[in-house]
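Inspection log for the structure reproduced underneath, given as structure tokens.
The values are calculated or read from the model by the stated rules, or taken from the named source; none is laboratory data. Owing to the predicted nature of the structure, the values given are computational and were not obtained by experimental measurement. Note: ideal-geometry Cβ built from the backbone for every residue, glycine included; neighbour counts use all protein chains shown. Quick note on the areas: whole protein, heavy atoms, side chains included, nothing else; ligands and nucleic acids left out. Shrake-Rupley method; radii C 1.70, N 1.55, O 1.52, S 1.80 Å.
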Amino acid sequence: MAATEPIRDKKQLKELAEYYLEKGQIRNYTLIIMGVYTALRISDLLKLKWTDVYDEEHQSFYVHVTLIEQKTGKTKLIALNKQVIGALSQCYLHRKGEFIFANNRKEPQAISRVQAWRIIHAAVEAIGLMGKISCHSLRKTFGYHAWTSGEISPVVIMDIYNHSNYETTRRYLGVAQDDLDAAYLKLELIS
């Protein structure tokens, strides 16, 4: 089974997010934006509540979200950038219940991982995005672009993913294979 891939092309990433924005499905748009910019696992993303990101007393969004990761049990403090806060602001106007990613039932609960996959898969299919793309691709996309931009230290990226070494992070993000591909495809020995 092939590993889930990050979305390497920024144009395609924008198309993926805007697919739901153009359809007026703000919850789904926010799911993609938060998935990419927070690098959270889908299980952690789906359990987020409005009280985690919005200060009702001051009527403003927090600049950080704090949560305990389901998989690791570690506390994570994540800065919310302007894209995330912008998406959350739009989504907040249409909120249903306590969960950010609530279903449309009479007693709203968080959408399931399966439903999140359906949301991502439908957009991937609609825009014709190729590759092994899933909910986990959103998490990997953050790291891939952080790494390849050269603007964020690999040590910081390793810390974000709780990886213990450089090689694990390179493999996880698919950068190792990209480096190998570049070596084969860019070198011209006989012209």
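Numerical summary
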read-out	value
Test for E125: is it within 27 Å of K11 (Cβ to Cβ) and among the acidic types (D, E)	yes
Residue list for the range 83-93, restricted to those being under 16 Å from I32 (Cβ atoms) and either loosely packed, with under 11 Cβ neighbours inside 10 Å or of a type in the set (G, A, S) (or both)	G86, A87, S89
Output for the range 94-123, where each listed residue is open to solvent by 30 Å² or more (accessible area, probe 1.4 Å), touching a residue at least 60 places away in the same chain (Cβ under 8 Å) and within 13 Å of W50 (Cβ to Cβ)	H94, A110
Some residue of the range 62-81 being part of a helix (DSSP H, G or I) and surrounded by fewer than 21 Cβ atoms within 10 Å (Cβ to Cβ)	no
Residues of the range 119-143 satisfying the condition of being among the small types (G, A, S) and touching a Gly at 6+ places or on another chain (Cβ under 9 Å)	S137
Condition check for L129: part of a helix (DSSP H, G or I), surrounded by 11 or more Cβ atoms within 10 Å (Cβ to Cβ) and in contact (Cβ under 8 Å) with a residue 24 or more places away in the chain	no
Some residue of the range 83-98 being polar (S, T, N, Q), under 29 Å from E5 (Cβ atoms) and in a helix (DSSP H, G or I)	yes
